[in-house]
Amino acid sequence: MSSITFIGAGNRARAIGTLAVAGGNTVEVMARDQAKADDLVKALGGGATAGEWGAVPAGDIVITALLYDGVVPVVAQYGDALAGKVIVDISNPFNATFDGLALAGRNGRGHGGPRRQRGRPR
């Protein structure tokens, strides 16, 4: 099985974390609000653990379950601690009030389209 770290403790981390634990994977949850991480770990059961925000993620797979605008700063913050890990970004480009898209109108289709890593071919 895999070892998976969720950075974020919201609904998406709960939904995917539940499936990950049920599948026999090792799950770690990290969140800025340690109480939210602890609550999610308790709900997930199955040996899920709460990591400390900013510590090196234990998982070979790291899932960023954050608001869209928070992903890049968090990945930059973790920096080299993510080297060699598979990073999965499940963010949606909603704004902080959830009444529109963070990227509305950028390309005329109401969203910014797929993101790509800087320096990578299209």
Notebook entry, point to check: Sorted by average packing, counted as other Cβ atoms within 10 angstrom per residue and highest first, what order do 30-36, 60-66 take?
Noted result: 60-66, 30-36
Margin query: What are the ³J(HN,Hα) couplings of the range 49-61, residue after residue, when phi is run through the Karplus curve with 6.51, -1.76, 1.60 and θ = phi - 60°? Round to Hz, x for glycine and proline.
Written below: 10, 9, x, 8, 3, x, 6, 5, x, 6, x, 6, 10
Notebook entry, point to check: Under a plain spin-label model, where a point goes 7 Å from the Cα along Cα-to-Cβ, how far apart in nm are D89 and K42?
Noted result: 3.4 nm
Check: If you roll a 1.4 Å probe over the range 36-105 with all protein chains in place, what percent of the accessible area is carbon or sulfur?
Finding: 57 percent
Check: Can you list the residues, at least 5 places off or on another chain, whose amide H is less than 5 Å from the amide H of L66, using H built in the peptide plane?
Finding: I90, S91
Checklist line | Heavy-atom SASA rank of F98, F6 (probe 1.4 Å, accessible area, largest first) | finding: F98, F6
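The values are calculated or read from the model by the stated rules, or taken from the named source; none is laboratory data. Please read these numbers as outputs of a predicted model, since none were measured by experiment. Positions of Cβ are backbone-derived with ideal geometry, glycine not excepted, and every protein chain shown enters the neighbour counts. These accessible areas exclude ligands, DNA and RNA; they are computed on the full protein's heavy atoms, side chains included. Shrake-Rupley method; radii C 1.70, N 1.55, O 1.52, S 1.80 Å.
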